[in-house]
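Structure record follows, encoded as structure tokens.
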Amino acid sequence: MKIIEIADRDPLRIEPLADVWESSVRATHGFLSESEIERIKQYVPQALKDVPHLLAAENEEGVPVGFMGIAGQHLEMLFVSVGERGKGVGKTLLQYGMDAYAVSDLAVNEQNPLAKGFYEHMGF
């Protein structure tokens, strides 16, 4: 796995990340309805373009399997593709964010107990 910062936010780079977002949300956000997911999905590409630092975890084939967005020292978003969950992708991304970008705070949806537990395990 390789972590890269995505500077060029053209549609060819954003689309696979939006797919990771959708895969992750469908696996972890059971509290969202289908219509809510579809509504939020419309805003994901712009959010990915607007976040100051966008970093992706790529597999050996160069395919994004997770990503995070950072603003200042705040973790804005972190999503891991459903097929990569439990393999250390999220931990690797978050640790990279803490080491390279001094990430020290985040917000987590209380309705997502797995994410809450993950971030607590990581010291947040």
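Summary of values
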| read-out | value |
| --- | --- |
| Residue in segment 34-83 that is surrounded by the fewest Cβ atoms within 10 Å (Cβ to Cβ), counting only those that are farther than 14 Å from D19 by Cα and among the β-branched types (V, I, T) | V51 |
| Filtered residues of segment 11-47 (kept if under 10 Å from the mean Cα position of the chain (by Cα) and either basic (K, R) or at pLDDT 95 or above (or both)) | L17, A18, V20, W21 |
| Flag for E22 being surrounded by 12 or more Cβ atoms within 10 Å (Cβ to Cβ) and acidic (D, E) | yes |
| Residue list for segment 37-58, filter: farther than 20 Å from L106 by Cβ and either among the hydrophobic types (A, V, I, L, M, F, W, C) or out of contact with any helix residue (DSSP H, G or I) (no Cβ under 8 Å at 6 or more places or on another chain) (or both) | I37, E38, R39, Q42, Q46, E58 |
| Qualifying positions in segment 37-69 - more than 19 Å from G88 (Cβ to Cβ) and not in a helix (DSSP H, G or I) | Q42, Y43, V51, P52, H53, L54, G69 |
| Residue identified as touching a Lys or Arg at 6+ places or on another chain (Cβ under 9 Å), without any contact (Cβ under 8 Å) to a residue 40 or more places away in the chain and not hydrophobic (A, V, I, L, M, F, W, C) among E110, E61, E38, E15 | E110 |
| Residue satisfying all of: in segment 92-113; within 14 Å of the chain's Cα centre (by Cα) and surrounded by fewer than 14 Cβ atoms within 10 Å (Cβ to Cβ); modelled with the highest pLDDT among these | A107 |
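The values are calculated or read from the model by the stated rules, or taken from the named source; none is laboratory data. Keep in mind that this is a model prediction, so the values were computed, not measured. In this analysis, Cβ positions are derived from the backbone assuming ideal geometry, glycine residues included, and neighbour counts consider all displayed protein chains.
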